[in-house]
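The values are calculated or read from the model by the stated rules, or taken from the named source; none is laboratory data. A quick note: this is a predicted structure, and the numbers were derived from the prediction, not measured. Neighbour counts run over all protein chains shown; Cβ positions are idealised from the backbone, glycine included.
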Amino acid sequence: MEKLICKIYEDNALGKLPDARYAVLDEQYAKEQDVFSKEIEEIETALGKQEQSRKSADKAEERKDRLHQNYLKRKESGKQKEYEDIAKGVFVPVNTLPKAEMKKAKRSA
């Protein structure tokens with residue numbers, strides 16, 4: 001496109017292209033350049049967001065893999081059984097709790 005504009009400029013300078021026609025072509029070129037510049041900026045912004053999203057997904061995948069590897073190591077060494085036993089002690093089903101009688105609330109004046 002730049003070469004074409006240079007050729008048109010040369011033709012205008014040599015008198016082969018009228019000034020009015022050159023002005024119209026130059027204006028069209030300037031408008032197209034503005035549109036293309038805005039499109040490029042929008043595409044670069046979208047690509048940046050996409051790249052950031054991909055990096056976040058990669059980090060999440062790496063963390064998931066690391067946690068899974070740790071789980072496998074604990075399972076192999078027998079340590080995982082301790083974690084599971086602790087979890088059983090922490091999470092007690094409600095129906096196994098002792099039943100307590102409800103107390104009447106005292107009114108204060």
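Within region 62-85, is even one residue of a type outside the set (D, E, K, R), touching an Asp or Glu at 6+ places or on another chain (Cβ under 7 Å) and outside any helix (DSSP H, G or I)? Checked region 62-85: no residue is of a type outside the set (D, E, K, R), touching an Asp or Glu at 6+ places or on another chain (Cβ under 7 Å) and outside any helix (DSSP H, G or I). Total residues in region 15-37 satisfying the condition of being farther than 16 Å from residue 1 by Cβ and basic (Lys, Arg): the figure is 2. Among the residues of region 1-22, those identified as in a helix (DSSP H, G or I) and among the basic types (Lys, Arg) are 3, 7, 21. Against the conditions (1) touching a Lys or Arg at 6+ places or on another chain (Cβ under 6 Å); (2) of a type outside the set (Gly, Ala, Ser); (3) touching a residue at least 24 places away in the same chain (Cβ under 8 Å), where does residue 80 fall short? Just the number, please. All conditions are met except number (3). Checking every residue in region 42-62 against the condition of being modelled with pLDDT of 80 or more, surrounded by 11 or more Cβ atoms within 10 Å (Cβ to Cβ) and among the β-branched types (Val, Ile, Thr) gives zero matches.
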